[in-house]
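Since the structure comes first, as structure tokens, the remarks are kept for the end.
The values are calculated or read from the model by the stated rules, or taken from the named source; none is laboratory data. Note that the structure is a prediction, hence the values are computed from the model and not measured. Counting neighbours? That spans all protein chains shown, and the Cβs are built from the backbone with ideal geometry, glycine included. We work out accessible area using only protein heavy atoms, side chains counted, and drop any ligands, DNA or RNA first. Shrake-Rupley method; radii C 1.70, N 1.55, O 1.52, S 1.80 Å.
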Amino acid sequence: MDHRRPEKRCRTTPPPLTAGVALPDDLIFMEILVRLPVKCLLRFKCVCRSWRARMQDAGFVRRQCDFSRTSRPPSMLVVARKNAYNDEEDEELSEPEDIAFYRLRPGHKPGDFETKPAELLLDKAACPPEAAGVTDAIHAAHCDGLVALATTTNQVFVCNPATQELVALPLGSPDVDTDKFPSVAIGFDRWRDQYVIARYFYRRWCYDKSRRKLDYDIGHEVFALGGSDSWSWELTVDPPHSIGGTPPVCVGDAFYWACDDLEDPCPSSLLRFGLRDRTFDDLVPCPPHFAYNAALDHLAELDGKLCHTNNGASLTTFEVWQLADGDDTQPAQWSLRCRIDPGPLYDEGFGCYGFQPLWASRGGMLVRVSDNDEMLYWCDEKGRGVEEVLDLEDDVDSEHDKELKNHVYHVVPYRESLVPITPSNVIKV
């Protein structure tokens, strides 16, 4: 008989369940949440006070903005205004007070969109009595999710469609030239960490047709968003020449304004306003075939370069010129980037006015043409054809306003952001 004691079997206790590993806040906010759409981030602000404070922090806002700028192609923002003139009835209607912002999200291939009809981001029916209204004619400019809107009055609006914020800035300096095209520029001043809006105005403007002499006194002012500066316009040094109707553009750290051909002798240069010193620091030679015509000339930023389009070669082809960077030994010079021939589309209503490049990628560019119809086209830069992409009248507001198909459209590249506009004591629309 075996009297050995049976072996003791050790009963091992399973280890306790390990609690989930806590992720550092910096990883959650600066690497994960910044990738989400702004609509989701606005909801997450309601989670708790600490999340709200973190998402309003300038570092988080800048990180989200940088990620939005580099992660994917831009959307197209369509600013729609009801036209105050009815072409069918040949009559002038009352000045419209509403303004709507629509987004066209980029598709899987360049020049394509995944949202048709466009997504309505913001629809404002009226302006407060304290602010001058959004006039029928406007000009829209975009930077990091902010849209600046110039009107035919001294009123400028700024909007962040993603956060539903539309603000009327204080009235700018009075402008005696009430017939000029609305124009405004907006860009980011990285030295002061501010967004800067710029406009010009005339203290005196008189053109003598008999002598072909323009007598003028021009001013220029900027408005800074953010920082500790006061909520007001700040005068800069006066422009060295008169400014015409061609809309300005922001490229890098500078605004570029086109001169007015009524000045004698006619300036053969563009005016460069540097954001670092906030002064007109250079004269850039005009591109070839510059027409001094807001309907024919368009300045654009493509691939980080200053570009200009016109139909200088002929009425049926369009040239895109690009400004090469200069240095101490050689000034900046223009070179022909591409020539666009719409081919059979020209006879179908492509037209010769309003040829405005919006964005370029992979050897092509998205172009808005507004001669007869409001259309977007994808143009191959090597001359391999022009493709119709979208009809703004059919694919923008058809689902939101079926009764009145009489709109004026402004299209700008757009990247959504959380960038705030106002302190609490300003006029919000």
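Values as computed for the structure displayed
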read-out: Matching residues in the range 156-192 - criterion: being at pLDDT 90 or above, in contact with a Gly (Cβ under 7 Å, 6 or more places away or on another chain) and open to solvent by 10 Å² or more (accessible area, probe 1.4 Å); value: Ala162, Ser173, Arg192
read-out: Test: residue in the range 137-149 that is open to solvent by less than 40 Å² (accessible area, probe 1.4 Å), small (Gly, Ala, Ser), at pLDDT 90 or above and outside any strand (DSSP E or B); value: yes
read-out: Hey, Pro420 in contact with a strand residue (DSSP E or B) (Cβ under 8 Å, 6 or more places away or on another chain), at pLDDT below 80 and either hydroxyl-bearing (Ser, Thr, Tyr) or open to solvent by 40 Å² or more (accessible area, probe 1.4 Å) (or both) or not; value: no
read-out: Selection status of Asp238, assigned to a loop (DSSP other than H, G, I, E, B) and touching a Phe, Trp or Tyr at 6+ places or on another chain (Cβ under 9 Å); value: yes
read-out: Matching residues in the range 55-86 - criterion: being open to solvent by 60 Å² or more (accessible area, probe 1.4 Å), assigned to a helix (DSSP H, G or I), in contact with an Asp or Glu (Cβ under 8 Å, 6 or more places away or on another chain) and farther than 15 Å from Arg105 by Cα; value: Ala58
read-out: The range 272-314, residues that are closer than 21 Å to Leu366 by Cβ and assigned to a strand (DSSP E or B); value: His298, Leu299, Ala300, Glu301, Leu302, Lys305, Leu306, Cys307, His308, Thr309, Asn310, Asn311
read-out: Matching option when the condition is among the aliphatic types (A, V, I, L, M) and within 20 Å of Leu358 (Cα to Cα), among Leu262, Leu275, Leu299; value: Leu299
read-out: Checklist (1) open to solvent by 80 Å² or more (accessible area, probe 1.4 Å); (2) modelled with pLDDT of 75 or more; (3) in contact with an Asp or Glu (Cβ under 6 Å, 6 or more places away or on another chain) applied to Lys116, failing item; value: (2)
read-out: Per-region count, the range 38-54, residues open to solvent by 80 Å² or more (accessible area, probe 1.4 Å) and among the basic types (Lys, Arg); value: 4
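Conditions (1) of a type in the set (S, T, N, Q); (2) more than 20 Å from the chain's Cα centre (by Cα); (3) surrounded by fewer than 18 Cβ atoms within 10 Å (Cβ to Cβ), marked per residue:
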position: Asp260; (1), (2), (3): no, yes, no
position: Pro265; (1), (2), (3): no, yes, yes
position: Phe273; (1), (2), (3): no, no, no
position: Arg276; (1), (2), (3): no, yes, yes
position: Asp281; (1), (2), (3): no, yes, yes
position: Pro288; (1), (2), (3): no, yes, yes
position: Ala291; (1), (2), (3): no, yes, yes
position: Ala300; (1), (2), (3): no, no, no
